[in-house]
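Visitor: After the structure tokens below, expect a handful of questions from me.
Nothing in this text is a laboratory measurement; each read-out follows from the coordinates by a stated rule. The structure displayed is predicted, hence computed values, not measured ones. As a convention, Cβ positions derive from the backbone with ideal geometry for all residues, glycine included, and neighbour counts pool all protein chains shown.
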Ligand SMILES: C[S@@+](CC[C@H](N)C(=O)[O-])C[C@H]1O[C@@H](n2cnc3c(N)ncnc32)[C@H](O)[C@@H]1O
């Protein structure tokens, strides 16, 4: 794959700036971030040059690594690291002193058991005070936030994905992390900001 035919996500182009504005604020004291499920690598390529005080570690299943590398090749900054293999439910937690974790649009793709494990792994491995930023569609108190999310959830189920998770179940799985913020984002998404206490 060359940098000219790299995979492209329009959703990432649409949401990268609103997400960045949250990350700029909540990761202001962070030294090293682990991104779970980097996908195309577009988010990492946009965020890392703008968050030069921290190191951004990309990760995903091996089949996405070429895409991520092709996006990273466009961004020659030293604080953006090539992808490591990390599949929740398959691999151990990656080595590295991560004081924050970021993931976007992965929780509803994963099976519920994998989403639960992700919450537990993040909670177990973050240091005290560490932050977890989790972006995507979520339900609240058993309700969809929009008809489009209900339709999307139906589509996810048909594709064999785990589907949209309820924030209440994430709160249980995430202990001892506290849910600090539920930030409403464009396109019926939310950024959940967790902190280990
Ligand atoms: C919808 S894509 C989102 C990609 C990117 N974060 C974004 O916002 O565009 C879902 C990503 O989750 C990853 N993923 C799915 N199951 C996973 C698992 N069990 N562990 C880690 N990553 C997983 C996929 O490989 C894919 O990159």
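Visitor: Hey, any idea what Rg/Rh is for the chain, computing Rh the Kirkwood way over Cα pairs? It would help to have the intermediate numbers written out before the result.
Guide: Numbers: Rg = 15.8 Å, Rh = 16.9 Å.
Rounded to two decimals, Rg over Rh is 0.93.
Visitor: Turning to a different aspect of this structure: Residue separation times 0.36 nm, minus the C-alpha to C-alpha distance between residue 178 and residue 14: what's the value?
Guide: 56.2 nm
Visitor: What distance in nm lies between label points placed 7 Å from Cα along the C-beta direction at residue 171 and residue 87?
Guide: Inter-label distance under the simple model: 3.4 nm.
Visitor: Another question, if that's okay. Pull out the extension gain between residue 158 and residue 97, defined as 0.36 nm times the separation in residues minus the alpha carbon to alpha carbon distance; nm, one decimal.
Guide: This chain segment gains 18.2 nm when fully extended.
Visitor: Summing -39500 (n - 2.57) over the DSSP H runs of n ≥ 4 in the chain and dividing by its residue number, what mean residue ellipticity at 222 nm do you reach, to the nearest 500 deg cm²/dmol?
Guide: It lands at -9500 deg cm²/dmol.
Visitor: Oh, and also: Label residue 125 and residue 143 with points 7 Å out from Cα along Cα→Cβ: what is the distance between them in nm?
Guide: Going from the residue 125 label point to the residue 143 one covers 3.6 nm.
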